[in-house]
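The values are calculated or read from the model by the stated rules, or taken from the named source; none is laboratory data. Given the structure is predicted, the values throughout are model-derived calculations rather than measurements. Here Cβ is always computed from backbone atoms with ideal geometry, including for glycine, and neighbour counts include all displayed protein chains.
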Amino acid sequence: MLIANPIEVVVRAIPSDEQSLFESLADDERAYAAELAGHRRREWVAWRALLRERAERWGVGEQALRVAYSTSGEPLFEGLEGSISVTHSRRYVALARSWQGRCGIDIEQLDRNFERIEDKYISDAERQLPTADDERFRAAVWCAKEAMFKCVGREGVDFRRDLQIAEIDFEGGSVRGSAFGVPLGGVIQLLDGAILVAISPTADEHFIFIE
């Protein structure tokens, strides 16, 4: 069966040797990266290197990789068809690309302390979900809502009120929810010490993970 709108998801571990990533960047990207420090530089260089890796496969040129940012911090690529969402953590970098419509992706480290902020993003109804007792639940809900936030592309979003999770299925690797009443679906992937969620308005079988 042909997939009408395949959403490509690519995940990479960030190598400890960032010099290998620098080699794939343009001169202006290296100059910008040189102004960053520590993990911020590693993560920024990693996502730009991943974008260039995929752009070569997509057959797009240098102009398509030029990025601007919306007021909400969303990267905008005028030279690329569809939409791209990017995310990075201490250990991983990932991107999702939809050729039609929007998508969103997020990675969170499982050792982050979500308990101190859970009242700001987990609703009473979500606390009653079957997987709410899972130790990964808080991270999964935050990760899913970050991806939903990127997918809808709106400012002034209240994570607890405007973004709702209807299902977190760790075993099946899926998530269902809504943003401002509009249904969204996605996939969950458990990584070593982290969790990834990718979201779009399409069904989860449209997500294709690229090695």
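Figures for the structure shown
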item: Verdict on ALA13 being under 28 Å from ILE188 (Cα atoms) and surrounded by fewer than 20 Cβ atoms within 10 Å (Cβ to Cβ); result: yes
item: Residues of the range 158-178 that turn out to be surrounded by 13 or more Cβ atoms within 10 Å (Cβ to Cβ) and within 18 Å of PHE114 (Cβ to Cβ), as a count; result: 9
item: Lone unmet requirement of (1) surrounded by fewer than 16 Cβ atoms within 10 Å (Cβ to Cβ); (2) in the same structural domain as SER200 (by TED's automatic domain parsing) for GLY61; result: (2)
item: Residue among GLU43, GLU74, GLU56 that is over 19 Å from ILE14 (Cβ atoms), in contact (Cβ under 8 Å) with a residue 40 or more places away in the chain, not polar (S, T, N, Q) and not assigned by TED's automatic domain parsing to the domain that holds ILE195; result: GLU74
item: Some residue of the range 179-196 being polar (S, T, N, Q), surrounded by fewer than 18 Cβ atoms within 10 Å (Cβ to Cβ) and not in a strand (DSSP E or B); result: no
item: Residue list for the range 87-140, restricted to those being touching a Gly at 6+ places or on another chain (Cβ under 7 Å), under 19 Å from LEU190 (Cβ atoms) and of a type in the set (Lys, Arg); result: ARG91
item: Residues located in the range 124-168, provided they are in a helix (DSSP H, G or I) and among the aromatic types (Phe, Trp, Tyr); result: PHE137, TRP142, PHE149
item: So ASP111, is it among the acidic types (Asp, Glu), more than 23 Å from LEU163 (Cα to Cα) and outside the structural domain of ILE195 (by TED's automatic domain parsing); result: no
item: Conditions (1) assigned by TED's automatic domain parsing to the domain that holds ALA194; (2) buried (at least 19 other Cβ atoms within 10 Å of the Cβ); number of the one not met by GLN100; result: (2)
item: Residue in the range 127-157 that is nearest to ILE84 (Cα to Cα), counting only those that are of a type in the set (D, E, K, R) and surrounded by fewer than 20 Cβ atoms within 10 Å (Cβ to Cβ); result: ARG154
item: Criterion (surrounded by fewer than 20 Cβ atoms within 10 Å (Cβ to Cβ) and either in contact (Cβ under 8 Å) with a residue 24 or more places away in the chain or of a type outside the set (Ser, Thr, Tyr) (or both)) met by exactly one of GLU115, GLU108; result: GLU115
